[in-house]
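Rule-based calculations on the coordinates, nothing more; no lab input. Note that the coordinates shown come from a computational prediction; the quantities given were computed from them, not determined experimentally. Because the Cβ atoms are built from the backbone with ideal geometry, glycine has one as well, and the counts that use them run over all protein chains shown.
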Amino acid sequence: MNWRTFVALLSRDAHVARRNIIPLMLQTLFQPMLFVFVFGRIMTRSGLMAEQYKSMLLPGIIAVSMVLSGIWAVAMPLIAEFQFSKEIEDRLLAPIEIEWVAVEKMVGGMLQALFAGLVVLPIAWFVMGGVDLDGASTLSLLSIALLVALLAAGIGLTLGCSVGQTQIGLMFSLVMAPMIFFGCTYYPWQALAPFPLLQRIVLINPLVYASEGFRGALVPHFPHLSMPAVTGSLIGFDTIFVTVGLRQFRKKALG
């Protein structure tokens, strides 16, 4: 492991992210804030939804913001660098193992995902006019945030090395959209109890555990999956996506 090269690669990506901070912020905040304002502010203030729904919604918004930001930060540059700009070839010539180039991409994606969560949490809380976070656990919140950031980066690496440039639209319509709407972001997992088959099927969606994990860390007085089950599932999904992503990256790089 050549730490000097690794840090140089990471610093370069950080510099690019700083130069594109405004598009990055818009990309991270626009869609979540629309949901927050419409469902967390308008619908609750008008009486169409209970005031408590704001507390139910906030953890899911944080989860989807982090996951989408991390996936986008890793997958889109990889698709472009492998298939369009060929910039990845310069990185592969660096004095470092091929897998560490992929790890650097994931670290960058994790940092962007954590940044998204850090920004969305206070802004969403403010837009909704305050949310009851009684019983919130800082330690649980930090551990879930790290696992979700790694999950987002792992999914981004896997997709970035598996999806072609012409398939980006298909990826978001067939993969990302169902992942979001059936990821318990806007409702708790127990709300699917009237649909027992669907309730079991959605457990293959890693976003479910991200949303339920943040729900358990921020608003534990609401229904949520048990934290040991959430933590174990996130670790399992992280291991799968990171392993598959690294294998796909090496295959793509050598091919």
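The alpha-carbon positions of the range 21-153 define a convex hull whose volume is 112 Å³ per residue.
Quick one: Debye curve from the alpha-carbon atoms of the chain only, equal weights, vacuum; give me log10 I(q)/I(0) at q = 0.11, 0.12, 0.17 Å⁻¹ to two decimals. For the requested q values the scattering log ratios are -0.59, -0.70, -1.28. Taking the helices alone, the chain has a mean residue ellipticity at 222 nm of -23000 deg cm²/dmol, built from -39,500 (n - 2.57) per DSSP H run of at least 4 residues and averaged over all its residues. Among the trypsin sites (Lys or Arg not before Pro) within the range 56-128, those in coil by DSSP and having at most 13 neighbouring Cβ atoms inside 10 Å are 86. Give the relative contact order (percent, whole number) for the range 3-254; include only Cα pairs under 8 Å separated by 6+ residues. Averaging sequence separation for qualifying contacts and normalising by length gives 27 percent for the range 3-254. For the chain, lysine pairs with C-alpha atoms less than 28 angstrom apart, excluding pairs fewer than eight positions apart on the same chain, total 5. Between residue 244 and residue 22, the FRET efficiency estimated from the beta carbon spacing at R0 = 25 angstrom works out to 0.15. Across the range 165-175, rounded Karplus estimates of 3J(HN,Hα) from the backbone phi angles (6.51 cos²θ - 1.76 cosθ + 1.60, θ = phi - 60°) give 4, 7, 9, 4, x, 5, 4, 6, 7, 9, 10 Hz, Gly and Pro being marked x. Phi-derived couplings, Karplus 6.51 cos²θ - 1.76 cosθ + 1.60 at θ = phi - 60°, listed residue by residue for the range 234-250: 5, 4, x, 5, 4, 4, 5, 5, 5, 5, 5, x, 5, 5, 5, 5, 5 Hz, with x used for Gly and Pro. A simple spin-label model places pseudo-atoms 7 Å from Cα toward Cβ; at residue 168 and residue 50 they are separated by 4.2 nm.
Rounded to whole numbers, the Karplus 3J(HN,Hα) couplings from phi for the range 217-224 are 7, 9, 10, x, 6, 8, x, 6 Hz, using 6.51 cos²θ - 1.76 cosθ + 1.60 with θ = phi - 60°, and x at Gly and Pro. Taking only the Cα atoms of the range 64-108, the ratio Rg/Rh comes out at 1.02, with Rh defined as the Kirkwood radius.
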